[in-house]
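The structure appears right after this line, and notes come after that.
Here, each number is a calculation from the coordinates, and none is a lab measurement. Given the structure is predicted, the values throughout are model-derived calculations rather than measurements. Cβ sites come from the backbone with ideal geometry, for glycine too, and all protein chains shown count toward neighbours.
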Amino acid sequence: AQKITQTQPGMFVQEKEAVTLDCTYDTSDPSYGLFWYKQPSSGEMIFLIYQGSYDQQNATEGRYSLNFQKARKSANLVISASQLGDSAMYFCAMREGTTSGTYKYIFGTGTRLKVLA
Amino acid sequence: DTEVTQTPKHLVMGMTNKKSLKCEQHMGHRAMYWYKQKAKKPPELMFVYSYEKLSINESVPSRFSPECPNSSLLNLHLHALQPEDSALYLCASSQESIAGGTDTQYFGPGTRLTVL
């Protein structure tokens with residue numbers, strides 16, 4: 001079963017507008033972490049923002065904020081004031097424990113964002 | 001500093017060649033990861049080392065052989081690869097703190113591998 005779901009394969013946004021990228025997750029573990037990464041065409045995965053399952057407030061990092069709705073199991077990324085450099089693939093990921101004691105990071109299928117001038 | 005370095009940036013190899021990918025981090029992280037990523041797909045986990053011991057092997061073919069010589073270094077030895085192994089290979093590291101906490105995975109820039 002898909003543990004991380006990103007339903008938007010592609011999104012367009014006008015420069016300077018805000019955009020929301022959707023992510024839903026599935027886990028029975030009460031302790032987990034949720035992450036968003038940006039991957040430009042160069043290939044590097046850039047960490048953007050983190051939300052812990054016990055965090056009471058939504059995470060924010062500059063123009064990025066995470067709309068965390070625990071009961072709905074959603075962790076949407078909001079990018080405010082979009083810039084041309086925001087055009088990239090965006091991956092939602094979840095950290096979960098394993099029987100070996102090591103953490104695994106499960107990735108969604110990604111959303112390709114294109115910012116229009 | 002959240003830097004993970006990978007060498008080489010690009011690699012072209014024949015199916016009979018032996019080559020190695022190298023990954024290094026100096027953040028004191030105790031977990032290191034290898035991922036394979038095909039175009040327009042999410043990264044697929046291959047191996048995880050925790051405290052220099054192989055912790056997870058996601059049923060990767062034996063033509064890929066990981067090695068963790070010390071806590072800062074991770075290698076991926078390649079031998080007798082197939083053209084379908086052509087992909088972006090990403091290395092990552094994380095603190096591996098108890099109970100997770102704010103443990104975050106940081107990635108290197110990747111090695112683009114082409115197998116002819």
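Would you mind checking A:LYS3/A:LYS73; B:LYS9/B:LYS38; A:LYS73/A:LYS114; B:LYS18/B:LYS40; A:LYS38/B:LYS38 for any pair whose Cα atoms are more than 20 angstrom apart?
Beyond 20 Å between Cα atoms: A:LYS73/A:LYS114; B:LYS18/B:LYS40.
Quick one: Cα convex hull volume of chain B, Å³ per residue?
Convex hull volume per residue, Cα atoms: 102 Å³.
Using the Karplus equation 6.51 cos²θ - 1.76 cosθ + 1.60 (θ = phi - 60°), what ³J(HN,Hα) coupling, rounded to whole Hz, does each residue of the stretch B:43-48 give in order, writing x for Gly and Pro?
x, 10, 5, 10, 9, 10
Note down the magnitude of the dipole of the stretch B:16-97 about its Cα centre, charges +1 on Lys and Arg C-beta and -1 on Asp and Glu C-beta and zero elsewhere, to the nearest 20 debye.
Once rounded to the nearest 20, the dipole reads 220 debye.
Full extension from A:THR20 to A:VAL78: what is 0.36 nm times the residue separation minus their Cα-Cα distance, to one decimal in nm?
20.4 nm is the gain from fully extending A:THR20 to A:VAL78.
For the stretch B:19-90 and the stretch A:4-83, compute the distance between their C-alpha centroids and round to whole Å.
A separation of 26 Å, based on Cα centres.
For B:LYS53 paired with A:GLN56, estimate the spin-label separation in nm (one decimal), with each label point 7 Å from Cα along the Cα-to-Cβ line.
3.9 nm
From the phi angles alone, apply the Karplus equation (6.51, -1.76, 1.60; θ = phi - 60°) to the stretch A:66-78 and give each ³J(HN,Hα) in whole Hz, x where the residue is Gly or Pro.
10, 8, 9, 10, 5, 5, 8, 6, 10, 9, 7, 8, 10
Would you report the distance distribution of C-alpha pairs in the protein assembly as shown as whole percents per 5 angstrom bin, up to the bin with the largest distance?
Spelled out per bin, shortest first, that is 1, 7, 14, 18, 19, 16, 13, 7, 4, 1, 0.
Calculate the FRET efficiency for B:GLN82 and A:PHE12 from the Cβ-Cβ distance with a Förster distance of 30 Å, rounded to the nearest 0.05.
Approximately 0.20, to the nearest 0.05.
Give me the inter-chain shielding for B:24-34: mean count of other chain Cβ atoms within 10 Å, whole number please.
1
How big is Rg to Rh over the stretch A:30-107, alpha-carbon atoms, Rh as the Kirkwood inverse-mean-distance radius?
Ratio of gyration radius to Kirkwood radius: 0.99.
Set the Förster radius R0 to 41 Å, insert the Cβ-Cβ distance between A:SER28 and B:THR114 as r into 1/(1 + (r/R0)^6), and round the FRET efficiency to 0.05.
0.50
Please list, in order along the stretch A:30-45, the HN-Hα scalar couplings obtained from phi with the Karplus expression 6.51 cos²θ - 1.76 cosθ + 1.60 (θ = phi - 60°), rounded to whole Hz, x for Gly and Pro.
Karplus-based 3J(HN,Hα) across the stretch A:30-45 equals x, 10, 8, x, 10, 9, 10, 10, 10, 10, x, 5, 5, x, 5, 8 Hz.
Where nothing but the Cβ of Lys and Arg (+1) and of Asp and Glu (-1) is charged, how large is the charge dipole of the protein assembly as shown around its Cα centre, in debye to the nearest 20?
Dipole magnitude for the protein assembly as shown comes out near 540 debye.
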